[in-house]
Each structure stands twice: as structure tokens, then as C-alpha cells.
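The values are calculated or read from the model by the stated rules, or taken from the named source; none is laboratory data. Note that the structure is predicted; figures quoted are calculated from it, not measured. As a convention, Cβ positions derive from the backbone with ideal geometry for all residues, glycine included, and neighbour counts pool all protein chains shown. Note: areas computed on protein heavy atoms with side chains; ligands, DNA, RNA excluded. Shrake-Rupley method; radii C 1.70, N 1.55, O 1.52, S 1.80 Å.
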Amino acid sequence: MDTKPFPSVPGENAVIITRVADRQWHALDDDLVVGRGHAEHRPDGRLFVSIDAWHDAAFDRLAEAMSAALPAPLYTVVDEADVELTAGWRRAGFTVRRREWEYAVPTDPRVTGLQAVLPPSGVTIVPAGQADERLLRALDRSIRDEVEATVGWRSMPAEVVPRSEGDTIVDPSAYAVAAAPDRYLGLIRVARVKRPRIGLVAVLAGEQRRGIARALLAHALGTLHRSGSAAAWTEVHESNRAASALFRGLGARPTGSNLELVR
């Protein structure tokens, strides 16, 4: 266990930073825990940090201690509406790397306009949990290569960037796919940990503009609607105008934005 005192506001007790476990820190003020810091590696190998503190002095001391103890670069994600938290990370030397807009997407096909949408001729939708894992991983690699050759896969949502071994498929059962007789052409991933969340919609470049993405969304949103979910959530990188236009066309409404910061 490592401890390090940092002077806080003049006239107050010193804030003591204690490393209580691997990648976990506490800020103590007169033996009272006034802040907690945590670091974890995401599936892509990047190191993300988080701090929950009662006041700026504790936040700043935790950020200083964690930055000194951990290898750079460090990343964190904040709700852009949380001005105080964003300011704290900026004081610690973090800068904005990317912004993602969050949308609430209705599932009712009468609202989305997807009630009559079907996949194009020769294409079928394979429901989540029924995809052939070999074909799914082959599609994932092809899509990733195409994106990497253009805007770069790092522009994708943070949770779908590749893991250190280069694979982005964590839970195959979360994916529904658009299938041709001999291969898969597109995919959609929906997670249901706390609330339904569309993590990724992607179609091979040579198969785009055929309505496959809309057919995947019609399937996924319709499935959620029938299971009782009135809305799903998704994040879109601010530069991805096509995706923003697609979701807005379904009646999605922006609910906020997240910032990914890096030091």
C-alpha cells in the first residue's frame, strides 16, 4: 500500500493519497475517504481512468498521483454536460480526443417508419444468437479492414475498437447479421446490460446503398419493441454525418454528448 500526502487548501488538513489495490486509489482527509480513483484496461488495450471526488482538491491530488503512477497515454470518458468533471480532467492535462453524440432511438415501427422495410432480394436477416461465428468473425475482419483504410477504426465507438489481438467480437450472441447464401454482408450489435444499446451497425462497402443497414435496424428495433422496450440508445461520432442522418431519420432524438479525453 502506497501513501503520499499532498497539501490541500491552506488551513485545511493535508489530503493523503493511498493506493489501496492494483489500479485503485483513495483520497483521505482526516481519515475520511473524500475521493476514489480507478484505472482499467479496455478490450483494445488502452488504459482508462476514472475519479469520484468530493471536492477539487481531492480530485486534483488523485489525478496527479494516478498520472505519476500509470503509463501514458491515459484516457477517460465524461458526460460533456458535467462541466466540473471535464474541467478537473483538463486541469490534470487531459485534452479532448473525440466527441460522441448520444441518441434515444424509438423502437415502434410506426414511429421509425420501418414497418414495411425488408432486406433486399437474396439477403436474409439472421437473428442475434444464431449467426455462424466463423462467418461473423470473417465479416468483422473485412469491415474493420475497410474502415481502417478510410477514416480509421479508431473513429468507431470506444467499445468496438479492436482488442490487443485484433478482434472486435467480444460476445457473438449480441450480433444479428444480413446474410447472402455464401457469406455475411452486414451486422448490428445490440447489448442489453442495463438498457438496450445499439453498439454498431456496419455493412460491407460493396453492399452499401441497398437498404441492408435499414433492414438490420428494422429487425433489431422491431425485436426490442416486441420485447417491451420503447427505446434503444446509441452513440455516433460527431464526424459521422451519415450515421447521424440515418438515426435522425428514424425519429431518434439527441440526449447528450460524451467526450473522450487523453493525456
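Things to note:
- Net charge over other residues, Cβ less than 9 angstrom from the Cβ of G256 (K, R count +1; D, E count -1): -3
- For the chain, the Cβ-based charge dipole about the Cα centre amounts to some 1060 debye (Lys, Arg positive; Asp, Glu negative; other atoms uncharged).
- The distance linking region 65-80 with region 121-143 is 36 Å (Cα centroid to Cα centroid, whole angstrom).
- For the set E102, E148, the ranking by accessible area, highest first and with no ligand, DNA or RNA atoms included, is E148, E102 under a 1.4 Å probe.
- Each stretch of four or more DSSP H residues adds -39500 (n - 2.57); spread over every residue of the chain, this sum gives -7500 deg cm²/dmol at 222 nm.
- Note on the chain: GNM, Cα springs under 10 Å; of L185, L114, L70, the largest mean-square fluctuation is that of L70.
- Segment R253-S229, length gained on full extension (0.36 nm per residue, minus Cα span): 7.0 nm
- Most mobile of A220, A149, A178 in a GNM of the chain (Cα contacts under 10 Å): A149
- Rounded Å value of the spacing that divides the Cα centres of region 15-34 and region 231-263: 36 Å
- Label point distance in nm, T150-S121, each placed 7 Å from Cα along Cα→Cβ: 2.6 nm
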